[in-house]
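The values are calculated or read from the model by the stated rules, or taken from the named source; none is laboratory data. Remember, it's a predicted structure, so these values are computed and weren't measured experimentally. No Cβ is skipped: glycine too gets one built from the backbone with ideal geometry, and neighbour counts run over all protein chains shown.
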Amino acid sequence: MQMTYPSSVINIIKEFNISADKKYGQCFLIDNNALDKIADSAQIGGEELVIEIGSGPGNLTARLCSRARYVIAFETDINLFKIYDKYFKGLNVSFKQMDFLKADLHKLISDAAAENKIDFASVRVVANIPYYITSQIIEKLLYSNIKFSGIYLLIQRDVADRIAAQPGCGEYGILSVACALKSKAAIVRKVPGTCFYPVPEVESALVKLEPFDRFSGSAFNEEIFFAIVKSAFNQRRKVAVSAISNNIERVGEINRYDAGFLAFLKSRSLKADFSHIFEKLGISKLARAEEISCEGYISIARELEAISASAVRGVNS
């Protein structure tokens, strides 16, 4: 079926008397050149399934439909579905009026394949997402165990800077490390506020997350890893040895980590443990949180995990 979606989203907005609703974090991307570049940058394959989060008036959706085999588009605002009913009926897209953060992605992908009798080559994410839930969306995508071929998100520029930040710069933080654990991140292009309606107070950027399995075939305790990372950045002005030692027990309790691990932490002289770990790994004991790479935090976590396992064996022997 031929798509008849209009070239001007402003005309769509006027036709259906649509206004951006702040409670949904809506800000419509209306610049056709920017929309084309986002769709082109995503490098969508003709046999791929694309997931869009926050389809809005459907102007990015139309471009995704023309490039992908099938699109699953999430949108919580029921007022926008009258646009979809008119311009997308019978096309290769399914609009879901649901909270993406609560969606069962595995089931939705499986159902789309079965209902359309399609064996998708891969799954890609391309979206202009609600900025106020950026971190939660990224966490759901990267930690979903779905092997996405690529994730392209239009987000607030300062958040994009933090995601792509490297050790040693001020923007580098927990979000940088969390993304680096599961993907290679890069800023593809910047999008000025004038490309949106209404015009936001912030600039935006298209960020690419290229997921990979860093630990294929190797067991790794992510709980211990994040306990260390969160503890280090909780007092980022202190040296990391002190910050981790001071905070890891409390971070573990707040996040309800494994009881055995918490008991281990309470039984230790943590400052001595982490000083030894840093020395063994060749990480300066004067290093602050933002000076340690994702790989560095992984190594620290592995060492702490080994010490914990050894302590448990000693108790049980």
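Highlighted here are the strands (runs of 3 or more DSSP E) found entirely within the range 115-219 that include at least 2 residues which are out of contact with any Lys or Arg (no Cβ under 9 Å at 6 or more places or on another chain) and touching a residue at least 24 places away in the same chain (Cβ under 8 Å): 123-128, 148-156. Summed over the range 166-197, residues that are touching a strand residue (DSSP E or B) at 6+ places or on another chain (Cβ under 7 Å) and polar (S, T, N, Q) total 1. Filtered by the rule that a residue be within 20 Å of Phe81 (Cβ to Cβ) and of a type in the set (D, E, K, R), the range 94-121 gives Lys96, Asp99, Lys102, Asp111, Glu115.
Counting only helices (runs of 4 or more DSSP H) wholly contained in the range 9-79, the ones carrying 2 or more residues that are of a type in the set (D, E, K, R) and either closer than 17 Å to Tyr152 by Cβ or under 23 Å from the mean Cα position of the chain (by Cα) (or both) occupy 32-41, 59-67. Is there a residue being over 30 Å from Asn145 (Cβ atoms) and in the same structural domain as Asn145 (by TED's automatic domain parsing) anywhere in the range 90-111? Taking every residue of the range 90-111 in turn, at least one turns out to be over 30 Å from Asn145 (Cβ atoms) and in the same structural domain as Asn145 (by TED's automatic domain parsing). Please work out if Ile78 is assigned by TED's automatic domain parsing to the domain that holds Ala127 and in contact (Cβ under 8 Å) with a residue 24 or more places away in the chain. Criteria not met by Ile78.
In this structure, does Phe261 turn out to be in a loop (DSSP other than H, G, I, E, B) and out of contact with any helix residue (DSSP H, G or I) (no Cβ under 6 Å at 6 or more places or on another chain)? Taking the combined requirement at face value, the residue does not satisfy it.
Can you confirm whether the range 245-256 contains a residue that is of a type in the set (Lys, Arg) and either under 23 Å from Cys169 (Cα atoms) or touching a Phe, Trp or Tyr at 6+ places or on another chain (Cβ under 6 Å) (or both)? Within the range 245-256 (the criterion being of a type in the set (Lys, Arg) and either under 23 Å from Cys169 (Cα atoms) or touching a Phe, Trp or Tyr at 6+ places or on another chain (Cβ under 6 Å) (or both)), the answer is no, since none of the residues qualifies. A residue that is in contact with a Phe, Trp or Tyr (Cβ under 9 Å, 6 or more places away or on another chain), surrounded by fewer than 20 Cβ atoms within 10 Å (Cβ to Cβ), closer than 30 Å to Ile18 by Cβ and of a type in the set (Val, Ile, Thr) occurs nowhere in the range 207-224.
Every condition in (1) buried (at least 17 other Cβ atoms within 10 Å of the Cβ); (2) out of contact with any helix residue (DSSP H, G or I) (no Cβ under 9 Å at 6 or more places or on another chain) is met by Pro130 except one, and the failing one is (2).
Within the range 225-258, can you find the residues that are outside any helix (DSSP H, G or I) and touching a residue at least 12 places away in the same chain (Cβ under 8 Å)? Matches in the range 225-258: Gln235, Arg236, Arg237, Lys238, Val239, Asn255, Tyr257, Asp258.
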